[in-house]
Each structure stands twice: as structure tokens, then as C-alpha cells.
Amino acid sequence: MFHIPIESAYDIVKTVYYSSRWEILGFLLVIFLLLRLKHIRAEQIRNLKVSRLKQEEETVQKETGSPDAKTGPEIQKPAQTDFDKAPMEAAEDLCRSGSEKEPHASPEPVREPGPVSIRERLKSGLSKTRNVFTARIESLFSDSAGIDSALMEEMEEILITSDVGMKTTMALTDSILEKAKGISDPREIFRILKNEIRSLLKAAKPGDPDVKPYVIMVVGVNGVGKTTTIGKLALRYAAAGKKVLLGAADTFRAAAAEQLETWAKRTGADFVRHRENSDPAAVAYDSVEAAIKRGMDIVIIDTAGRLHTKKNLMEELKKIKRSIGKRLDGAPHDVLLVLDATTGQNALSQARMFHDGIGVSSIALTKLDGTAKGGIVIGISNEIGIPIHYIGVGERAEDLQPFDPDAFVDALL
């Protein structure tokens, strides 16, 4: 819109009034043509943008090995189970059925997958990473006639762009160069790389807790899948015959307690919560208190996950940790940090911040099925030195798996 002075507008109206009808029609026709040309131009610009977006999508699909939307094979999604439903959907199901589980009711039976199915699911979940990371590595070594500086530089670039990280990449290349002396076959370098990656991965499988109750404090920023991870852990422990209690110490995020309560109902776990915006440390204390009185085996405490760069969050988590320790000596027995693998190097930064702030004892790395840069597993394991207990390679409950370095390397390379 543009502004017309009063005098100019008056002159236009007067001119139109004293003009003949043919002049008026001509004037209106000119205006119509100008508006039409403007519309056509806008349509051309929009079509150009759509065309460019389609070209970018096709390029990404070719690079990641994804099937083409038109000509590629149709991907059939697995049938949705009760454990695949979102927490709020599950809550609606409970309301419609009018039936709720008793606090100590047994959860629905869950079949533990055998070793073959676990490895197959892991391989399927890491398909995006393998299509990008492994394909580039294999192509590099198969096309090279020998080992030279150009090959090593390209390998470094592949590792860095796959979120392995600069420090870990340098450690890998230095070790490979030391062990590759006298080797001329590039394929042998690939085997050395695979073994070196395997040696960098650290895992300590969570064993059967010898303390009762065994307290797990779960931390991480919002959006990483904290609540879902807690629910899947509760399901895993319940399937093993453990009595589980969930504590809703994230009292600030809207619907956080409701989502956790839904998981408690679905897994047959006890549940402790306070009013919204109440003291999170008090919730944690009361959760441990209730677990002791009720003879629970496992206590899993959810916590707030605002931006990890805010000092007040770390102070709040320290307070929760102290509160748990006051009620039960040695607790929490595990401070589990949940990280989103799709965030790449930001996940590495979060791991450092949380570990420096409150002391992290284990890591659960989620959403590995949604990233083409699974090298973050290698970087976190090497640079932070905290064992990875669990990895998430899908949305189903059984897709949260104990981390096995050998199985991971075999599925990745």
C-alpha cells in the first residue's frame, strides 16, 4: 500500500468525474492488467521455489539412499501396538475403557527378542547412518590404489562430517597410521579402522541392582525423549519381575507429570507426584521415602530439562541429588543422561555440561534411527568417558536396547 496526498486524491477523483466513460473504462483496464501481471509474476516465483525444493529433496534422497517418493518401493510401517502409542493417546484409551491397573498389577507380557532379532533391529535402525557413513568409507578404500596422505585426509573429512568429532578423529587417524606401517592394501586399513572404533567404544551393561531400592535419576534437556526412555526402562524392569516406582520431579513443564503417570499405568508401576510448580527436590525425597515403605525394587525419577546452559537448572538438579542422598545413603545410584543423537555435536556439549554440573554415571542415546551421523556414539564414548548403557533405534518399547559395542560396530560397518 502507498499513501496518496489528499490533494492528489482529490485531483484523481475530479479527473475521473469529468472524464468520459470510455476514458474511465480504459483507466480501469490498465489497473486490471497491472494487477494481473503482478499475480502472474507471484505465481512464477512460487513455482520456481517449489521446483527448487523438489530438486533439493531428490538430492538428499540420492545421498542418503532413501527410496524415491514416486518410483521407489513403498515402505510399510509396522502395525501400531499399545506401546507405540503416544502417552496422551494411551491416556485417552484408559479413559474410554474405564479400567486402570492397580499399583502392583503385572504389566502386559512382553516378549524379549532373541539375539538375532536384536541385531537385525539394530542394523535396521542404523540404516541411515550406514548408507552415508559406511558407504563413503567403503567407497574410499575400494577406489584407492594405495595408502597416501590424500586417502587419510579424505578419511578424516568423512569421520568429522559424520559427527565423530575432531578430537576422536585425530586419535583414530594417528592410531591407524601407526598400525598401518608396511601395509599397502587399503582394505586392510578398513579392518584396522573397524577395530579401532570398537576399542574406543565404552559400555558397562547395567547389571542387577544389589541395592533396594535402586534409585535412578534421569536428566537431560527437553525434547530428547526423557519421559519415553523412563517409560521403556520401567517396562524393562517390570518385565524382569521388579517392582518399580516413578517420581515426577519435573514439576514445571506442562503435562510432564501426566505423561509420566500414563507410563506408570501402562507398566504397572507406582507413581508419586506433587502439585504443579512444587519443589522438585521434595518430590524426589518423597519418591524415595515411598519406595522404602512399599518395598519397591527400582525408583526412576524424572527431572526438569530446560536449556542446559542455564545455571539455575544445574543448581536445581544438584538440589534434587542432595535430597535423594539425604533420604538414602549412596543414592542416586545412577545418574542417567538422555541425549538425542540427531543433535550431533550439541549432544557432546550437553554431555560435558551435565557431567561437569552434577556428575553423570551413564548415558542413554536416543533417536539413532533418525540420524545419518551415528558417529556421535563414537565421539561421546571416547571424549566424555561415560559408559553408554542404552541406545534407542526406534519407537517401539523393545527398540531401547542395552548398548553392545560389538553389535553396534557390526551393524554400522
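The values are calculated or read from the model by the stated rules, or taken from the named source; none is laboratory data. Just so we're clear, the structure is a prediction, and the values are computed from it rather than from any experiment. A quick note on method: Cβ atoms are made from the backbone with ideal geometry, for glycine too, and the neighbour counts reach across all protein chains shown. To get the accessible areas, we keep the full protein, side chains included, count just its heavy atoms, and leave off ligands, DNA and RNA. Shrake-Rupley method; radii C 1.70, N 1.55, O 1.52, S 1.80 Å.
Scanning region 164-186 for residues that are closer than 19 Å to Ala135 by Cβ and at pLDDT below 85 yields a total of 1. Among the residues of region 134-185, the ones that are part of a loop (DSSP other than H, G, I, E, B) and either in contact with a strand residue (DSSP E or B) (Cβ under 8 Å, 6 or more places away or on another chain) or not aliphatic (A, V, I, L, M) (or both) come to 10 in all.
Here the condition is being under 26 Å from Arg236 (Cα atoms) and either open to solvent by less than 10 Å² (accessible area, probe 1.4 Å) or at pLDDT below 95 (or both); of Ile300, Ile292, it holds for Ile300 alone. Reported count of residues in region 276-327, each being hydroxyl-bearing (Ser, Thr, Tyr) and more than 16 Å from Ile358 (Cα to Cα), is 3. Give the residues of region 383-413 that are part of a strand (DSSP E or B) and either among the polar types (S, T, N, Q) or in contact with a Pro (Cβ under 9 Å, 6 or more places away or on another chain) (or both), sorted by residue number. Ile388, His389, Tyr390, Ile391, Gln401, Pro402 - these are the residues of region 383-413 that are part of a strand (DSSP E or B) and either among the polar types (S, T, N, Q) or in contact with a Pro (Cβ under 9 Å, 6 or more places away or on another chain) (or both). One residue stands out among those in region 222-241 that are surrounded by fewer than 24 Cβ atoms within 10 Å (Cβ to Cβ), aliphatic (A, V, I, L, M) and touching a strand residue (DSSP E or B) at 6+ places or on another chain (Cβ under 9 Å): the one that is farthest from Ala255 (Cα to Cα), which is Ala238.
Picking from residues in region 361-375 that are over 12 Å from the mean Cα position of the chain (by Cα) and surrounded by 24 or more Cβ atoms within 10 Å (Cβ to Cβ), the one that is nearest to Arg119 (Cα to Cα) is Gly375.
Yes or no, residue by residue, for (1) out of contact with any Phe, Trp or Tyr (no Cβ under 7 Å at 6 or more places or on another chain); (2) farther than 21 Å from Gly295 by Cα; (3) aromatic (Phe, Trp, Tyr):
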site	(1), (2), (3)
Met217	yes, no, no
Thr229	yes, yes, no
Tyr237	yes, no, yes
Gly247	yes, no, no
Ala254	yes, yes, no
Glu261	no, no, no
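Can you tell which of Asp174, Asp210 is open to solvent by 10 Å² or more (accessible area, probe 1.4 Å) and more than 22 Å from Leu413 (Cβ to Cβ)? Asp210 is the lone residue from the list that is open to solvent by 10 Å² or more (accessible area, probe 1.4 Å) and more than 22 Å from Leu413 (Cβ to Cβ).
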